[in-house]
Ligand code: 13P
Ligand code: SF4
């Protein structure tokens, strides 16, 4: 799929001070009233989060998109796949807006429909039927539709265990895409043996496997990853433990298996926030996830010591593309009756993708 093009903002928006941006965003929100809902993913910068009606992880934001039927406009401060999911789950009268069309997800781009269809065909020829496709929500709408059409489902990091349990019960093996690490971490938690997990490299015939290895596999993991979470290492965890022996290490399950296993706990962004909120004063946390969230937690909990596992902090560059100037531009256009940056999933994709997302939402 061609990368969406975001035209440059009109100059008046690029010259505004942070205070002017804040004031005009607030005025536009007030003018739009209940017709507008702004959803903000936890990785958004503070300057965006302060204007969000709701914040959440992918699961919670999908639930909200499905629930807020009174809002005509859903402005999604997150990345492209999240806005697509909102459009699939929202009512026909609702319009979903992504303030910067270039806010994508590099992991979601690591699997496309043509590659997954080729994989499916090769798998079918090598092992016959019995494979259940399970896509991480960090994927394009047509891959969610592929799962819906082929007896599979979608999952987020917060219900991956339930979704993979469900998928394993439906067939002989699961094809999990596009995140190798979330897939492996989930399979390990479910007791799937290492030799029953194989990696599918879309650039190689049979994904780089023998037909016999594929036939033995219970979980086939697409070779995709998150560039932000891949940076966290066991060495960083060891350093944190040396410096603060009492430290609690909590990471996102998109981290590599050895990192998740060396940590004390792992979970979605919402789970990480919950754990920190519930901890007593004086707790020390080393957190392995995106830096905007870690900084915000550190600010909100001065009674605890909170730091990022990675000393060379790395934001999610695509989430960061939602600058307040883009949000203001999108909102002021809505006030003038003009919808910009609407995310519209094709009707022939929506039905099957909705099946996969509804399955996802039915699994806690
Ligand atoms: P969460 O669903 O945990 O918020 O994760 C989304 C994501 O993209 C993590 O990189
Ligand atoms: Fe995608 Fe990683 Fe950014 Fe999450 S943190 S949106 S997986 S690139």
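The values are calculated or read from the model by the stated rules, or taken from the named source; none is laboratory data. The model shown is predicted, which means the values in this text are computed figures rather than measured ones. Glycine gets a Cβ as well: all are built from the backbone with ideal geometry, and neighbour counts include every protein chain shown.
Out of all the residues in segment 31-47, which are under 26 Å from residue 337 (Cα atoms) and more than 15 Å from ligand 1 (Cβ to nearest atom)?
31, 32, 33, 34, 35, 36, 37, 38, 47, listed by residue number.
Restricting the search to segment 294-312, which residues are closer than 17 Å to residue 230 by Cα and surrounded by 15 or more Cβ atoms within 10 Å (Cβ to Cβ)?
294, 308, 309, 310
If I go through segment 243-277 residue by residue, how many of them are assigned to a loop (DSSP other than H, G, I, E, B), away from ligand 2 (no atom under 16 Å from the Cβ) and within 18 Å of residue 185 (Cβ to Cβ)?
First, the residues of segment 243-277 that are assigned to a loop (DSSP other than H, G, I, E, B): 244-247, 252-256, 263-264, 267-268.
Filter once more, keeping what is away from ligand 2 (no atom under 16 Å from the Cβ): 244-247, 263-264.
In the following step, the residues that additionally are within 18 Å of residue 185 (Cβ to Cβ) were identified as 263-264.
Going through segment 243-277 one residue at a time, the tally reaches 2.
Is at least one residue of segment 330-340 touching a helix residue (DSSP H, G or I) at 6+ places or on another chain (Cβ under 8 Å), at pLDDT 95 or above and within 16 Å of ligand 1 (Cβ to nearest atom)?
Scanning segment 330-340, I find no residue that is touching a helix residue (DSSP H, G or I) at 6+ places or on another chain (Cβ under 8 Å), at pLDDT 95 or above and within 16 Å of ligand 1 (Cβ to nearest atom), so the answer is no.
Here are some residues: 231, 305, 321. Which one is in contact (Cβ under 8 Å) with a residue 24 or more places away in the chain, more than 23 Å from residue 182 (Cα to Cα) and within 13 Å of ligand 2 (Cβ to nearest atom)?
Criteria check complete, one pass: 321.
Out of 297, 214, 221, 206, report the one residue that is farther than 18 Å from residue 189 by Cβ, in contact (Cβ under 8 Å) with a residue 24 or more places away in the chain and touching a strand residue (DSSP E or B) at 6+ places or on another chain (Cβ under 6 Å).
Just a single option satisfies the conditions, and that option is 297.
Got a sec? Which of 182, 175 is crowded, with 22+ Cβ neighbours inside 10 Å, away from ligand 2 (no atom under 16 Å from the Cβ) and touching a residue at least 40 places away in the same chain (Cβ under 8 Å)? Walk me through it before giving the result.
Numbers: 182 fails: away from ligand 2 (no atom under 16 Å from the Cβ).
Answer to the selection: 175.
Quick check: anything in segment 301-319 within 16 Å of ligand 1 (Cβ to nearest atom), under 18 Å from the mean Cα position of the chain (by Cα) and not in a loop (DSSP other than H, G, I, E, B)?
Yes, because at least one residue in segment 301-319 is within 16 Å of ligand 1 (Cβ to nearest atom), under 18 Å from the mean Cα position of the chain (by Cα) and not in a loop (DSSP other than H, G, I, E, B).
So, of the residues in segment 278-293 that are within 16 Å of ligand 2 (Cβ to nearest atom) and within 19 Å of residue 262 (Cβ to Cβ), which turns out to be surrounded by the fewest Cβ atoms within 10 Å (Cβ to Cβ)?
Across segment 278-293, the extreme among qualifying residues is 287.
If you go through segment 225-242 one residue at a time, how many are out of contact with any helix residue (DSSP H, G or I) (no Cβ under 7 Å at 6 or more places or on another chain), surrounded by fewer than 21 Cβ atoms within 10 Å (Cβ to Cβ) and part of a loop (DSSP other than H, G, I, E, B)?
1
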